[in-house]
Structures are given as C-alpha cells and as structure tokens.
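Written out below as structure tokens is the structure these notes cover.
What follows draws every value from the coordinates through simple rules; no lab data is involved. Keep in mind the model is a prediction, meaning the values are calculated, not measured. Cβ sites come from the backbone with ideal geometry, for glycine too, and all protein chains shown count toward neighbours.
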Amino acid sequence: MDISEKKLIIAIDGHSSCGKSTVAKDLAKKINYTYIDSGAMYRVVTLFAMRNNLISSDVVDENKLAHHIDQVSISFKYNNEKQRHETYLNGELVEDEIRSLDVSNNVSLIATIKFVREKMVAFQRELSKAGGVIMDGRDIGTVVFPNAELKIFMTADVEVRAIRRFKELKEKGEDVSLDAIRENVQKRDYIDENRDESPLRKADDAIVLNNSNLTPAEQLDWIVERMNEIK
Ligand code: DC
C-alpha cells in the first residue's frame, strides 16, 4: 500500500520560524494528505484576546478569556486562487493578521494557558479523525499524537530563522527590524521550551531535522526518504 492510502499521522514539531509549515504543506500536497497548522489556532485565540483587550503588559486576563473562549470558532479553508491555506475566526478571514509581529509577540503567552491548550488539542484530534494528516506545532509528537507514525523535530540556527522570518514579513509589507524579529524568535523559543504546560520537547522517537543549510526542496526530499522507511 502506498503512503497516500495509509492515512498516517505525521507530526512535525520544532522551534519557531524554522520552516515547519513550509515543509508540512509541501509534503501534504505531494502525498495528498491534509495539512493542519496547530500554531494558527493559538494565534487566533491570541488575536481574539488582543481584540478584546485581554492582554496587557505581558499579562493575560485568564478569567475573562476562560469566560469567552467558547465564543472562539476556528476554521480553515484552502484558497485556490491564492494557493494558500487560510484561517478564519468566527467566519472572518484573519490569515494575515494572525501572522503579524504583534500577534507573534503575544502568542507564546496564550499558548502557556492550560485550558486554551486543552481546547486546541481536542480540536486538533477532532480534525484528524480520518487520518492522512500532517500537523505542525510544538507538542504534536509528545502530547497530541504520541502514537504518530512519523515524528520530525525541526530546528535551525537562530540567525537563519530570524532572517527568513524578516524576509517573509518584509515581502508582506510589514515595517519590522531584524533585531526585533531575532528577539521575538529567541523569546518564543524560551517560553515554548520552559512553560509548564506541554513544553516544546523532542519526542524520544522523533527524528531531528536541522535545516539551516537546506533548501525547501532538499528538506522535503529528506522527509520523503524518512517516510519511505516507515514499515
Ligand atoms: O508555529 P507558530 O509559530 O505559528 O506557533 C505560534 C505559537 O503557538 C508558538 O509561539 C508556540 C505556540 N504553539 C504551541 O504552543 N503548540 C503548538 N502545537 C503550536 C504552536
């Protein structure tokens, strides 16, 4: 049976801005799997919290957020024209807004909150019921799908990651500095790795991919090779 028919779960975890979503999307296209961006879910909750003034000076009003979290409905659609996956908050297209530096600066805080994580994990499992899924995030191989058939842990040098994200945001017309991005990447790594709830860890059975010196095409080939080794 070939991979497309096997309907496996492939978990891609790793550091911020190291290209997890790029390779996950490329792979999903290649093997006809569903791509699920778990980080987008935490970003949507962050945007919701920011819009409702629930975050100030790096502190989240958790009581209010808990009270309102059921008003957050997240959905994804593929935009054929733009050829991209797009994220919606209560039916409103928020794909660009959730990638802004403002949201990036607050999202790790939101991702530390237990009830937020529980809700997101339940949603991630629900969306993956049929299998044939590639999901990227921080806790996919450790918490969401500990039995995933293939687990990749991705990383790259901080400077390489900062430059990549800088170029991406500049292309979108955001006025950002490389220093601010580097700081954001380092801060997110720190919070993701040191939080109490589902900290970023390499699962024992994950394979490490450091893509500092790889092109997107090379890293895709690398993952396809790993996939073909699955018995
Ligand atoms: O992958 P990303 O940069 O879009 O993720 C945004 C933030 O969400 C990141 O700082 C960590 C958090 N996150 C998480 O805690 N668990 C996940 N499964 C995915 C993302």
Net charge dipole size for the stretch 96-231 [Lys, Arg +1 and Asp, Glu -1 on Cβ; Debye, nearest 20]: 300
- request: Could you sort out which of K20/K114; K64/K172; K20/K172; K167/K187; K30/K202; K30/K77 sit more than 22 Å apart by Cα distance in this structure?
  value: K20/K114; K64/K172; K30/K202
query: Near the amide H of E149, under 5 Å away, which other amide H atoms are found, from residues 5 or more places off or on another chain, if H is placed in the peptide plane?
result: I9
message: Give me the extension gain from K29 to E197: residue separation times 0.36 nm, minus the current Cα-Cα distance, reported in nm with one decimal.
response: 57.3 nm
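Would you work out the charge dipole size for the stretch 32-137 about its Cα centre, treating the Cβ of every Lys and Arg as +1 and the Cβ of every Asp and Glu as -1, and quote it to the nearest 20 debye? Show your work: numbers first, answer last.
Details: 12 positive and 15 negative charges, 58 e Å.
Around 280 debye, computed over the stretch 32-137.
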Cβ-based charge dipole, the stretch 114-231, positive-most Cα from N194, I152, L220: N194
message: Straight-line reach only, C-alpha to C-alpha below 17 angstrom: list the aspartates and glutamates that K151 could link to, leaving out same-chain residues fewer than 8 apart.
response: D13, D26, D37, D136, D139, D204, D205, D221, E225, E229
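Return the FRET efficiency for the residue pair K231, E126: r is the Cβ-Cβ distance, R0 is 25 Å, and the value is rounded to the nearest 0.05.
Values: r = 28 Å, r/R0 = 1.13.
Efficiency computed from Cβ-Cβ geometry: 0.30.
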T34 long-range amide H proximity, modeled H, under 5 Å: V133, I134
message: Just to check I understand the Karplus step: with θ = phi - 60° and J = 6.51 cos²θ - 1.76 cosθ + 1.60, what whole-Hz values come out for the stretch 80-89, glycine and proline as x?
response: 4, 5, 7, 6, 8, 7, 10, 10, 10, 10
query: Is the shape of the stretch 44-149 best called rounded, prolate or oblate, per the rule: a/c under 1.5 gives rounded, else a/b larger than b/c gives prolate, else oblate, with a ≥ b ≥ c the square roots of the Cα gyration tensor eigenvalues?
result: oblate
field: N53 paired with N147, simple spin-label distance in nm, labels 7 Å along Cα-to-beta-carbon
entry: 4.8
- prompt: How far, in degrees from 0 to 90, does helix 178-194 lean away from the longest principal axis of the Cα atoms of the chain, to the nearest 10?
  reply: 80
- request: Would you pull out the residues with amide H under 5 Å of G14's amide H, same chain only if 5 or more places away, H placed 1.01 Å from N?
  value: G137, M154
message: For the chain, what does the helix formula give at 222 nm: sum of -39500 (n - 2.57) over DSSP H segments with n ≥ 4, over the residue count, nearest 500 deg cm²/dmol?
response: -14000 deg cm²/dmol
statement: Once the dipole of the stretch 1-112 is set up from charges on Cβ (+1 Lys and Arg, -1 Asp and Glu), the residue from the list L27, T46, A66 lying farthest towards its positive end is L27
task: Report the Stokes-Einstein translational diffusion coefficient (µm² s⁻¹, integer) for the stretch 92-231, Rh taken as the Kirkwood radius over Cα pairs, at 4 °C with viscosity 1.567 mPa s.
output: 77
- line: Between E171 and H67, Cβ-based FRET efficiency (R0 41 Å, step 0.05) works out to 0.60
message: If you average the C-alpha positions of the stretch 60-110 and of the stretch 126-176 separately, how far apart do those two centres end up, in angstrom?
response: 16
message: Taking the 0 to 90 degree range and rounding to the nearest ten, how far is the long axis of helix 101-110 tilted relative to the main principal axis of the chain, both from C-alpha atoms?
response: 90
field: Nearest 10 degrees, 0 to 90: helix 158-171 Cα axis against the chain principal axis
entry: 70
